[in-house]
Structure formats: C-alpha cells, structure tokens
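Working notes, beginning with the structure itself.
Values in this text are rule-based calculations from the coordinates and carry no lab data. The shown structure was predicted, so the numbers you read here are calculated from the model rather than taken from an experiment. FYI the Cβ positions are ideal-geometry reconstructions off the backbone, even for glycines, and counts take in every protein chain you see.
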Amino acid sequence: MTTRVSLHTLGCRLNHSESESLSHQLSQQGYQIVPENAEADLYIVNTCTVTGASDSKNRQLIRSLHRRMPQAHIVVTGCQAQMEPEAMAALPGVSLVVGNEAKHQIANWLPQLDGSQESTKVVHNKIRRLPFSLPLTLAEEAKEERLKGLTRGQLKIQDGCDFMCSFCIIPFARGRSRHREFANLCAEAEQQVASGIQEIVLTGVNLGTYDIHGRNLVDIIDFLDSLKDLQRIRISSIEPTTVDPGLLERMGDQSHKLVPFLHLPIQSGSNRILELMKRRYNSLEYACEVEEAVQKIPDLCVGADVMVGFPSEGELEFKETLNLLASLPISYLHVFPFSERVGTPATRLSAKVSPEDKRARAALLRELSQSLRHNFMQRFVGTSRRVLLEVPKPDGRLGGYTDNYLRVQLNTTRHKDLHSNRLIPVQLESIRGDVLLGTPLTSAEKAAN
C-alpha cells in the first residue's frame, strides 16, 4: 500500500520553499502526498523557531497530529528540530527528528521507520559552511503540481546568515551564510519554467550576500531573465545595504522580468535601538535607500518589517520609528512584537517593554500600514495592470497579484476561458479592504489603453 504523507509547514517563505521541494522528492519516490487536513500514515512538520510563540505552535501542531492519527509516524524537521532535537524527540508520536543540515535527505531515513514507535531517531548534524546543491524535480512531476493551481516557483539560492543581529536566532538555527551552486539553481529554474511556472520567487535568509565562484545575485537575475517562457522574477526579501545597484537598474527597466518590488526590513527607526540590535545601517541610510529606489523605479512597491518592544525602547524611540515610516514612500508594513530568544544577546538587555506597550505600539503601526497600503492601491485605481491569476475562491471568483504586489480580485466569474497560472490585463476599478477590484480587459480594450 502506498504511504500517505502530509506536510505541515510553519514560518518563513524559505521553509515553505523547502517543504515544496520535499514534497516533489517524496512524490517521485512513490509516496502519496495528501493535503494537510487529510488522514496520513506519515506527517512531516517543518518547524520555525524565530519566536517563543513559534515554538509553542510547533508543539501544539505535533500534539494535534498525534491525537488525530495516533498510529501515524511524525517526522519533525526545520529550525526547532535543529535547536532542540531532544525536546522534539520527546513529544508524543514523533518517530524521527531531522535538523536543517539533513532536511533534504529525509527520504533516506523514512524506510527505517517501523510500526512500533518505541524509539525516536535523531539526525542532528553540524551545519557545514559549504556551497550546496539541492535535488532536482522531474519536469513531469513539477507539471502535475502546476495543474493543482500553484502559480509561483520558489527558488532557494542561499541559506544561513553572518549578520548576527542581537535578537535573531537564525545564524544558530540555519548556520552561517552559504550559497547554492549556480549551475544547480539554474537547472531547477529551467525545470520550473518547463513545468509552466510564470513567476519565480528567489528565497533564502540573506539573498543580497549571494556570492559564489564570481557569481552574484545580479547574475542569477540575468540568467532567469534569459529564460524565454518565464514572465516574472521576484526577490522575496533583501537586507538593507545588500541591494546591488544592478538590481535597481533591472527593476527600472520595463523590458526586464525583475518586478518592481522590494521588501526591506527596517526593524526600528531609532538609531539607538538599531545599534543595540546590531543592524548595519542607521535610519538616514535606510531612508536614503528607499527614496533612491522609489525615484529610479516606476510604480515600485516597498514593504518593510518593523519590530516593536525591543528592550529599552521608550516612547521617544517608538515615535522616531512611527514618524520615519510615516514619512517614507513605503507601501505596507509587517509588524512584529519583540520576542525574546534564549541564546541571543538581546536576552541580556535590561529595561524590558511591557506586553501592554508592545500591543499598543503594534496596533499603531498596523494602523499606519493600513493607511500606507490604501494610499498605494489608490494610485492605481483607473489604470490597467497584468495580474497573475491564482486558484479560484470557493465562490468561483478569480484573483491574483500584479507585478508590484497589488492584490486583485476580478469583478466577474463569467470568463470561462480564464484559469489560474495565467497572466491577463485587468482594469483596476475600486478598492475593497486590502484588495483592488478589477475587470479583465479584452484584446480590443487592451489595445485601446
């Protein structure tokens, strides 16, 4: 009987990219991949450990899966498996724990699982600082995934980080910065495009540091641009001070496939807090980087991560952050309350911020984010833009994203020739919440515009 496998992924885009790769590998080896809510013989939980809340979610999910299917094997991998392998192994139902170094070799260990569940195997290796390659997916298998409605390909190019921010556990959970072999990532990109992918999203921990055998991030972008059937290239998130001028040039070139989108984490607008965080820029440098990008790139969407409640952040420092973000041409914010991580330097800082103050400050920044997002969307009402369609909603409506990350929902369900993973021109007509509503343009209407 074919073993049914259900993958559950928590945390960042990189984790989701790795889970997608694992899914392809296991499917090629004869395992049946089933949805998260289906019964399975084997559950794989790809964990996150960026905050204490993340650790709690991991444990809750594992216990829930065991209650649902007590006889099933549970494999735990990812960042908490790397940081706390024995604690993960002690959870009920867990048969195998695999750290990040061996994550892509999980399939090699599965045949050793038996039905007894009396002992848990732990595969925990030191993360080596070496270039890496990843297994490639058969083109036909990848094509089947596209038929399920997936529209974007996640392409992992880098892992780990050397920046050692005082609040961050990632250099310990994922190791120091290392880069994927250029030929290997190019081969995967070609396979993704052959399977029908329209947009490739580059993923990693610190993308802007990619540097291997004389190749850098711009070289990856230019290779992807040369792929005939690929329509879009997107950078998921990139650290300030690592944005190569060549990236801005290509985003500003409307004939280039690199889309006008930058997600630049700021974390704080206070220079004192940035120094305590051990970030590599000050508020003025960040502001100049954003302003320069917006001036050079038409219709650019700029997103930012911002943290509230870092130790010793007072009202003055928070207002510096709020005022800076309100003054910049930023399109949206991802707001995170500070969460103490054991093993990071930030745990040794005094003057903790109360939970009440964290919640209040986060609420103010989220309110600002809503205003920034609305203002950005409003700029495009009355214009047309190409939208990459995604899986229809339960009511049959289609929607997707523009190149500059505007979320769009179509005003109609009557276009029977429309389907997911298709790029179409859409007239953007109005705003509802955080979504633009629009109508697909016919060929004649597109020509008229």
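Can you name the residue in segment 349-370 that is more than 14 Å from A304 (Cβ to Cβ) and hydroxyl-bearing (S, T, Y) and is also surrounded by the fewest Cβ atoms within 10 Å (Cβ to Cβ) among such residues? Among those that are more than 14 Å from A304 (Cβ to Cβ) and hydroxyl-bearing (S, T, Y), it is S350. Only residues that are closer than 15 Å to L410 by Cα, free of Cβ contacts under 8 Å to residues at least 60 places away in the same chain and of a type outside the set (K, R): list them for segment 378-398, please. Answer for segment 378-398, where residues must be closer than 15 Å to L410 by Cα, free of Cβ contacts under 8 Å to residues at least 60 places away in the same chain and of a type outside the set (K, R): V381, G382, T383, V387, P392, P394, D395, G396, L398.
Candidates in segment 3-54 are the residues that are of a type in the set (S, T, Y), in a strand (DSSP E or B) and within 17 Å of the chain's Cα centre (by Cα); of these, the one that is surrounded by the fewest Cβ atoms within 10 Å (Cβ to Cβ) is T9. Here T242 meets the list (1) part of a loop (DSSP other than H, G, I, E, B); (2) in contact (Cβ under 8 Å) with a residue 40 or more places away in the chain; (3) not small (G, A, S) almost entirely, failing just condition (2).
Out of L365, L388, L406, L410, one residue alone is touching a Lys or Arg at 6+ places or on another chain (Cβ under 8 Å), of a type outside the set (K, R) and under 30 Å from K319 (Cα atoms). It is L406. Being of a type outside the set (D, E, K, R) and crowded, with 22+ Cβ neighbours inside 10 Å is not true of I212. Would you call L65 under 24 Å from the mean Cα position of the chain (by Cα) and either among the aliphatic types (A, V, I, L, M) or over 30 Å from H263 (Cα atoms) (or both)? So L65 does not fit the description; no. Residues in segment 167-178 that are free of Cβ contacts under 8 Å to residues at least 60 places away in the same chain and either of a type in the set (A, V, I, L, M) or out of contact with any Ser or Thr (no Cβ under 8 Å at 6 or more places or on another chain) (or both): P171, R176, R178. Restricting attention to segment 249-259, and to residues there that are surrounded by fewer than 21 Cβ atoms within 10 Å (Cβ to Cβ) and not basic (K, R), which single residue is farthest from T321 (Cα to Cα)? Per the criteria, the residue is S255.
The lone criterion from (1) under 28 Å from N282 (Cα atoms); (2) surrounded by fewer than 13 Cβ atoms within 10 Å (Cβ to Cβ) left unmet by K393 is number (1). If the condition is being surrounded by 16 or more Cβ atoms within 10 Å (Cβ to Cβ) and among the polar types (S, T, N, Q), then segment 215-240 contributes N216, Q231, S236, S237. The condition of being more than 30 Å from H419 (Cα to Cα) and surrounded by fewer than 19 Cβ atoms within 10 Å (Cβ to Cβ) does not hold for G309.
Screening segment 298-316 for residues that are without any contact (Cβ under 8 Å) to a residue 60 or more places away in the chain and out of contact with any strand residue (DSSP E or B) (no Cβ under 8 Å at 6 or more places or on another chain) and picking the one that is nearest to L364 (Cα to Cα) gives E315.
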